[in-house]
Ligand code: SF4
């Protein structure tokens, strides 16, 4: 969501005649699009802003803008903490940055939650011409004990289906081949549109699947509790919906899942995995896992390892629990010591990497459909692209960005595959 917001910010600035500077030191306007989901981005922002403030003392004409979730969370204090910041805006208030700059700095300096709206009408600078993020909802109605999102992005608000499908259609006409539907809790989309519109996420997948020219549909992030039957059937039946689901686990211990207020337990989660795998053969599963949630015992952690080993995820984002001020979990007793968290994380990462290596090795010898992204980052003689299961492939062959190419997989690591265009092998 943050990357998508950055594309909107860039596109909007470009429409005002403000292009990307060759380096930070040469920029006239510095825009920080922040994340506050964990402590590390906050710390990094404070270092970046320290540098920016020092530059502004030498060049007072420099404009500094801070947007995103950190700005929203610190809305009461941001100008006090960083008096040299010219404008601050929350994630739902991106247009206000343009208004402020367009008005020559005369508009109010802060724009936050009360101005929330979808940014679909803003100009957009797409990082990849053939791929687009499509925001389908914003905010979240869950109350996961560790999460700051509901506080900074507000209650869930779904975009109307007609608007979304119209955007996907426009994108396809513009050469986009792959869309990723975005929402904090993407598969609960549509519920808040009732009673005016009765719909659900499976129906949205089906509607996007009918758009001519769209070859691949992905979505993130879904919540396990909202994977109802119509969504699973749509996943199985829609040709463009990729065989890849990101299914956040967070913990393998039902006791901890309850403390996290995730509203599912280990058994329900595993039953869902079984249903998804039965419906979509060859499904790739990704996940998020938090290590060191308050009260996590060695036994809880062992249960997480057990689930990771049992499900055999293709990829996993692993996080050390980071208490966020304003969340329930930050106030819980039994915070886990840092050394224990780090030691557990190391064990988890080792397991995740071993399984990912094994899963990728299983692809060797198969032919995968790859959407070409450009030259390989490690060897410019090769091309790079992604499979439908969302694995990066470096391969020998020909193809333009946005083209689909069949590739014979010949090698693998824990994160990438290697191969040769199938047509060349056959020849
Ligand atoms: S569902 Fe996701 S965004 Fe919503 S509160 Fe839970 S972790 Fe945060």
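The values are calculated or read from the model by the stated rules, or taken from the named source; none is laboratory data. Predicted, not measured: the structure shown is a model, and the values here were computed from it. Cβ: placed from backbone, ideal geometry, glycine included. Neighbour counts: every protein chain shown.
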Matching residues in segment 167-193 (assigned to a helix (DSSP H, G or I) and farther than 16 Å from residue 217 by Cβ) number 5
Would you check if residue 71 is surrounded by 18 or more Cβ atoms within 10 Å (Cβ to Cβ) and either in a loop (DSSP other than H, G, I, E, B) or at pLDDT 85 or above (or both)?
yes
Residue 350 being under 26 Å from the mean Cα position of the chain (by Cα) and surrounded by 14 or more Cβ atoms within 10 Å (Cβ to Cβ)
no
For segment 77-99, what are the residues that are in contact with a helix residue (DSSP H, G or I) (Cβ under 8 Å, 6 or more places away or on another chain) and in a helix (DSSP H, G or I)?
78, 91, 92, 93, 95, 96, 97, 98
Those residues of segment 138-157 which are closer than 23 Å to residue 294 by Cβ, in a loop (DSSP other than H, G, I, E, B) and more than 8 Å from the ligand (Cβ to nearest atom) amount to 145
Report the residue count in segment 222-263 for those that are more than 14 Å from the ligand (Cβ to nearest atom), closer than 22 Å to residue 294 by Cα and in a loop (DSSP other than H, G, I, E, B).
2
In this structure, is residue 231 surrounded by 20 or more Cβ atoms within 10 Å (Cβ to Cβ) and touching a helix residue (DSSP H, G or I) at 6+ places or on another chain (Cβ under 9 Å)?
yes
Identify, by number, the condition in (1) within 24 Å of residue 326 (Cβ to Cβ); (2) buried (at least 20 other Cβ atoms within 10 Å of the Cβ) that residue 12 doesn't meet.
(1)
